[in-house]
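Trainee: Take a look at the following structure, please.
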There are 2 protein chains.
Amino acid sequence: MRIHIIGTGLLGASLGLALSEQDHRVSLEDTSPTAQQLAADLGAGEVMPTGDQANDPQIVVVATPPDVAAPVIASALVTYPNATVTDVASVKTRLLEAVRELVHGSDLDRYIGCHPMAGREKSGAIAARSDLFTARPWVVCSDEDTPSDRLGEVVEMAEATGASVIHLDPRIHDAAVARVSHVPQVISSLVASQLRHAPLEEVALAGQGLRDVTRIAASDPRLWTQILTGNSEEVRSVLVELRTELDDVITALELGAGSTGVLAKAIALGNEGHDRIPGKHGQAPTKYAVVTILVPDTPGTLATLFKDIGDLDINVEDFRMDHAPGQKLGIVDVSVVPATQQELEIGLLSKGWQIPESAIEKEGIA
Amino acid sequence: MRIHIIGTGLLGASLGLALSEQDHRVSLEDTSPTAQQLAADLGAGEVMPTGDQANDPQIVVVATPPDVAAPVIASALVTYPNATVTDVASVKTRLLEAVRELVHGSDLDRYIGCHPMAGREKSGAIAARSDLFTARPWVVCSDEDTPSDRLGEVVEMAEATGASVIHLDPRIHDAAVARVSHVPQVISSLVASQLRHAPLEEVALAGQGLRDVTRIAASDPRLWTQILTGNSEEVRSVLVELRTELDDVITALELGAGSTGVLAKAIALGNEGHDRIPGKHGQAPTKYAVVTILVPDTPGTLATLFKDIGDLDINVEDFRMDHAPGQKLGIVDVSVVPATQQELEIGLLSKGWQIPESAIEKEGIA
């Protein structure tokens, strides 16, 4: 395929690298000649001579900053009347509306909005990687007017990067990322914010629960301000729902005895939502068995542990290491399919590993 | 030491097992003769003949359900006039007040409240483990009236189980667990609750951020209703603070342009709070370098990976495995001290591992 990329920042340059590796023909364009040349030097594609047009591209990818994406998309639809035009912005509805206002009706059929859900904390072509999209979801927003051959081209390009294509309506996409990404970010930040004035001796009681809830609270404020602003209605709507449930909990705590049912319900509804999160490989939700192992905190110990697990021919679905405050001991949680739990425990115990607990779920620890 | 344990459920029996292993002399008492005998049969200590007293114990540990702890503590102070009496309940202030109302002033000096921060989802002596407390915080609540020899005995007992002792005022303890444990639990449940009515195609976009924020939303509603009710004032107070910040965010999203400063500040305050969470080994917060490795999802691969890391003689501080939806590929994040990051990346690349990104922080990914 012949693909033209406008905007050679992190996403544009990474896409160029990925497609060039697959022997697609990539041309690059950026308002900054330096950025454009850098991406080309890194191997993301060919530089276009100033003022020139790309040679009849099949796909034009707009990978500019989101606040200029709409006019660049509209202009690309005019400049390349045969091409399918797509983009990589993380909020879709408002962008589609802005493009619709700028172009004629039939041209809109050639625009297919996308959101590859990949990124990193660094920006610019210098941070680009050909495998940035590998194993990440790539959302494609089409509707009934989208010609199937154009849709097929965009999907082929996305899959060439190693991403997993997911088809979604723009509104559904924006509502989904509000719920699964933007709101969790806001709430994680708010929970972490409550630690600001706590003495360190109090924060020292932090367990794995707090660490998990607040991990993404380390995110970049500038980036997230743009994302939240771009999807403000959907994010607000979910936050308002959440606040209503929070109000109920606060009232129940105030009333004390007699209102414990409200507290039990809040936790139970959380169970219900948690069970909807899919397991590995995009399958239906899976409950794994968790085996907890105490390990000395020395180089090579994890290698021995995983070699011992590998010798048992049991596949590890997930693992995490807990931090033991003040102790030179690691607590490793290994998740396996429940049918293999007993075999794993017996196998590891026989090799001298310490397994303090053995249960299907380790959640709910006070 | 001679230690008498009243209440042979999960915590009491586990404590008995741990202390018996260390050759301390443990006697057991429970209102249920069956529970008492089971704990003894498991090796948690000696059963007391009905109606008898323990033989002059140095420490009496009350490990009953929290709603009967106060009268049992008061009674133990009378029955054992030489003993130090302690307990294991997870909320301390209300319990201390209840005990104070029941006993004479000087007897109160012999009571030292504790909260070993360990547990599991199963209950009863049958679920007991001698290493339940290993590497977990054990909070000891004493004040200026606590005789130092009695405090020393309680600390010695706690440390004999492998726990890390932390001294805290009861009020500070309750405020601390509200902030680092109880509020994160409520909020995690509320975020997960918002997924209940989302179509599975939307929830399929879930990344590691959502999974982390909602992991503890799988917790037991009954257990958490008791905990939240017992610490309702402190939990409510932190939730009200959090709600004020949430209201600010909701208002800013409604106002749109011009109020982005509020959004940026909310995320920045989250950064600040996140930085206060201590690193491993109870040290000051540490920023680790994260190296991300793509691994085929087959048995033995992790063993090879950790063997290769071990061969480089680099210590792994933390690791996690990300789930790649729809793909048979794992994404492993390995945290190391920043000084060893480059060595690790070069070493792993030379052994053929795929490292798509290489950066100090992987947070903030859109």
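Trainee: Within the range A:96-109, can you find the residues that are open to solvent by 20 Å² or more (accessible area, probe 1.4 Å) and either touching a residue at least 40 places away in the same chain (Cβ under 8 Å) or not hydroxyl-bearing (Ser, Thr, Tyr) (or both)?
Mentor: A:Leu96, A:Glu97, A:Ala98, A:Arg100, A:Glu101, A:Leu102, A:Val103, A:His104, A:Gly105, A:Asp107, A:Leu108, A:Asp109
Trainee: Right, here's the next one. Which members of the range A:165-184 meet the condition of being open to solvent by less than 20 Å² (accessible area, probe 1.4 Å), within 7 Å of chain B (Cβ to nearest Cβ) and more than 15 Å from B:Pro199 (Cβ to Cβ)?
Mentor: A:Val183, A:Pro184
Trainee: Within the range A:207-229, track down each residue that is more than 7 Å from every other protein chain (Cβ to nearest Cβ) and open to solvent by less than 20 Å² (accessible area, probe 1.4 Å).
Mentor: none
Trainee: Exactly one condition in (1) surrounded by fewer than 18 Cβ atoms within 10 Å (Cβ to Cβ); (2) more than 7 Å from chain B (Cβ to nearest Cβ); (3) modelled with pLDDT of 90 or more; (4) closer than 30 Å to B:Ile277 by Cα is false for A:Asp275; which is it?
Mentor: (3)
Trainee: Kindly check whether there is at least one residue in the range A:145-161 that is part of a loop (DSSP other than H, G, I, E, B), more than 12 Å from chain B (Cβ to nearest Cβ) and of a type in the set (D, E, K, R).
Mentor: Yes, there is a match, as at least one residue in the range A:145-161 is part of a loop (DSSP other than H, G, I, E, B), more than 12 Å from chain B (Cβ to nearest Cβ) and of a type in the set (D, E, K, R).
Trainee: Let me ask another. More than 7 Å from every other protein chain (Cβ to nearest Cβ), modelled with pLDDT under 85 and open to solvent by 50 Å² or more (accessible area, probe 1.4 Å): is that true of B:Ala284 in this structure?
Mentor: It is true that B:Ala284 is more than 7 Å from every other protein chain (Cβ to nearest Cβ), modelled with pLDDT under 85 and open to solvent by 50 Å² or more (accessible area, probe 1.4 Å).
Trainee: Please indicate, with yes or no, whether at least one residue in the range B:345-355 is at pLDDT below 80 and assigned to a strand (DSSP E or B).
Mentor: no
Trainee: Which ones in the range A:236-252 are open to solvent by 10 Å² or more (accessible area, probe 1.4 Å) and hydrophobic (A, V, I, L, M, F, W, C)?
Mentor: Passing the criteria: only A:Val240.
Trainee: Against the conditions (1) at pLDDT below 85; (2) part of a loop (DSSP other than H, G, I, E, B), where does A:Ser130 fall short? Just the number, please.
Mentor: Of the numbered conditions (1) at pLDDT below 85; (2) part of a loop (DSSP other than H, G, I, E, B), the odd one out for A:Ser130 is (1).
Trainee: How many residues are within 14 Å of A:Gly113 (Cα to Cα) and outside any loop (DSSP other than H, G, I, E, B) if we restrict to the range A:81-101?
Mentor: 12
Trainee: Any residue in the range A:290-318 that is within 7 Å of chain B (Cβ to nearest Cβ) sitting within a Cβ distance under 8 Å of a residue that is part of a helix (DSSP H, G or I) and of a type in the set (Ser, Thr, Tyr)? List the pairs, counting only those 6 or more apart or interchain.
Mentor: These pairs meet every condition: A:Gly310/B:Thr301; A:Gly310/B:Thr304; A:Ile314/A:Thr340; A:Asn315/A:Thr340.
Trainee: Also: Only one of A:Ser232, A:Ser189, A:Ser259 is closer than 30 Å to B:Ser90 by Cα and within 7 Å of another protein chain (Cβ to nearest Cβ); which?
Mentor: Result: A:Ser189 is the single residue among A:Ser232, A:Ser189, A:Ser259 that is closer than 30 Å to B:Ser90 by Cα and within 7 Å of another protein chain (Cβ to nearest Cβ).
The values are calculated or read from the model by the stated rules, or taken from the named source; none is laboratory data. All figures in this text were calculated on a predicted structure; none of them were measured in a lab. A quick note on method: Cβ atoms are made from the backbone with ideal geometry, for glycine too, and the neighbour counts reach across all protein chains shown. The accessibility values were calculated without ligands, DNA or RNA, using every heavy atom of the protein model including side chains. Shrake-Rupley method; radii C 1.70, N 1.55, O 1.52, S 1.80 Å.
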